[in-house]
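*Asks:* The structure that follows is given in the form of C-alpha cells.
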Amino acid sequence: MIKENYNKILATVPAPARLIAVSKTKPIEDLQEAYEAGARLFGENKALEMRDKHQSLPEDIEWHFIGHLQTNKIKYIASYVSLIHSIDSLNLLQAVDKEAAKHGRVIDCLLQFHIASEETKFGLDMDEARALLGSEDYKALQHVRIVGVMGMATNTDDMELVRREFRTLRQYRDELKEQFFAQNADFKEISMGMSGDYQIALEEGSTLVRVGSSIFGARNYNIPVND
Ligand SMILES: *Cc1c(COP(=O)(O)O)cnc(C)c1O
C-alpha cells in the first residue's frame, strides 16, 4: 500500500511544492518501498534513527530533520542532512554551524515558528526571529544557511483555525524575506502541512509538505528508539 499511498498523495502536490515522506518509527523496508515508488525526500525526528536509516539506504535520498534537535545529537546528522526544519534558537543554530564546519559543509535550515494555539509546541515568535536574524552572532555564522520557515498547526478539526495559522506562517516568511533576505533568492521555503491538513497548507502557499501516516500508516510509538 505504501507505493499506492505515496503516488496518490504526490499527484495532489503541485510543483514547485515538494512532498517529504515522514518515515519516523517505520522500518527500513517501508522506506525502501517508498523509495521504489520514487520518494527521495524523507523526514525523521530522531538523530540516531536518521543516522541508522541513512546508512542503510541509497545515497541519493535527501534527509530532512523535522524534530526537536538536541545540540549533542547534531553530530549524528551533520555530514549528510539536507535540511533541518527545527531551528528555534541562536544557540542551536551556532551548534549546527560548528558541526557543519567540521565537514566543510553549509547546512540549510528553517526557522521553526510557534503558530499553534497549543502551549506544548516548540518554536520562535516573530520578535525572537528578528532578534536572531539581526544579531552579530548570527551574521558571523559561515556554515548554515536559513532558507525559510517551518510550523505546525493546532491539532484540531477546526480547519479554519488551521488555515489562519498557516496564513500567519506565510506572512512571517514574507515579512522576514523583506526585512532580512530581500537580496537572497534562497530564502523561500514554507514547511507546513501534515497528513490531516497538507491540502490546506498547499492552498496557503506551503512549499514543503511533511506527510507520514497517510503514506506509511499509523505509527506505533511503543517501539523503543535510541534517543
Ligand atoms: C510526525 C510529523 C509529521 C507527519 O505527521 P502525519 O500526521 O503522520 O502526517 C509532520 N511534521 C512533523 C514535525 C512531525 O513530527
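Every number here is computed from the coordinates shown, using simple stated rules; none is lab data. Please read all numbers here as calculations on a predicted model, not as lab measurements. Glycine gets a Cβ as well: all are built from the backbone with ideal geometry, and neighbour counts include every protein chain shown.
*Asks:* Provide the descending list of Cα extents for the stretch 41-81 along its principal axes, expressed in whole angstroms.
*Replies:* 26, 15, 14
*Asks:* Cα gyration tensor of the chain, axes a ≥ b ≥ c as square roots of the eigenvalues: rounded (a/c below 1.5), prolate (a/b > b/c) or oblate?
*Replies:* oblate
*Asks:* Cβ neighbours within 10 Å, averaged per peptide: list 40-47, 184-191 in order, most packed at the top.
*Replies:* 40-47, 184-191
*Asks:* Please report Rg over Rh for the stretch 65-134, where both radii come from the alpha carbon positions and Rh follows the Kirkwood definition.
*Replies:* 0.98
*Asks:* Report, to one decimal in Å, the Kirkwood hydrodynamic radius for the stretch 90-131 based on all distinct Cα pairs.
*Replies:* Mean inverse Cα-Cα distance, inverted, gives 11.9 Å.
*Asks:* Assigning unit charges at the beta carbon (Lys, Arg +1; Asp, Glu -1) and nothing else, what dipole magnitude in debye, to the nearest 20, does the stretch 68-124 show about its Cα centre?
*Replies:* 320
*Asks:* Within the stretch 161-192, find all residues whose amide N lies under 18 Å from a label point positioned 7 Å from the Cα of Ser117 along Cα-to-beta-carbon.
*Replies:* 161-169
*Asks:* Using alpha carbon centroids, what distance separates the stretch 1-27 and the stretch 32-73, in Å?
*Replies:* When both Cα centres are located, 14 Å separates them.
*Asks:* Whole-Hz Karplus ³J(HN,Hα) for the stretch 61-72, in order, using 6.51 cos²θ - 1.76 cosθ + 1.60 and θ = phi - 60°, x for Gly and Pro?
*Replies:* 7, 8, 9, 10, 8, 10, x, 5, 10, 8, 4, 6
*Asks:* OK, next. Would you mind checking the stretch 143-178 for residues with the amide N under 12 Å from a putative spin-label position 7 Å along Cα→C-beta of Met126?
*Replies:* 168-178
*Asks:* Starting from the Cα of Leu90, step 7 Å along the direction of its Cβ; do the same at Lys102; then give the gap between the two resulting points in nm.
*Replies:* It is 2.4 nm.
*Asks:* Related question: Rg/Rh for the stretch 21-101: what does it come to with C-alpha atoms and Rh from Kirkwood?
*Replies:* 0.97
*Asks:* In a Gaussian network model over the chain where Cα atoms closer than 10 Å are linked, find which of Ser214, Ser23, Ser86 has the largest mean-square fluctuation.
*Replies:* Answer for the Gaussian network model of the chain: Ser214.
*Asks:* Let me ask something else. Under a point spin-label approximation (7 Å from Cα along Cα-to-Cβ), what is the Ile28-Lys3 distance to one decimal in nm?
*Replies:* It is 2.1 nm.
*Asks:* Also, I was wondering about something else. Among the listed pairs Lys98/Lys188; Lys3/Lys102; Lys46/Lys102, which have their C-alpha atoms separated by more than 28 angstrom in this model?
*Replies:* Lys3/Lys102
*Asks:* Kirkwood hydrodynamic radius (Cα pairs, Å) of the stretch 119-192?
*Replies:* 13.6
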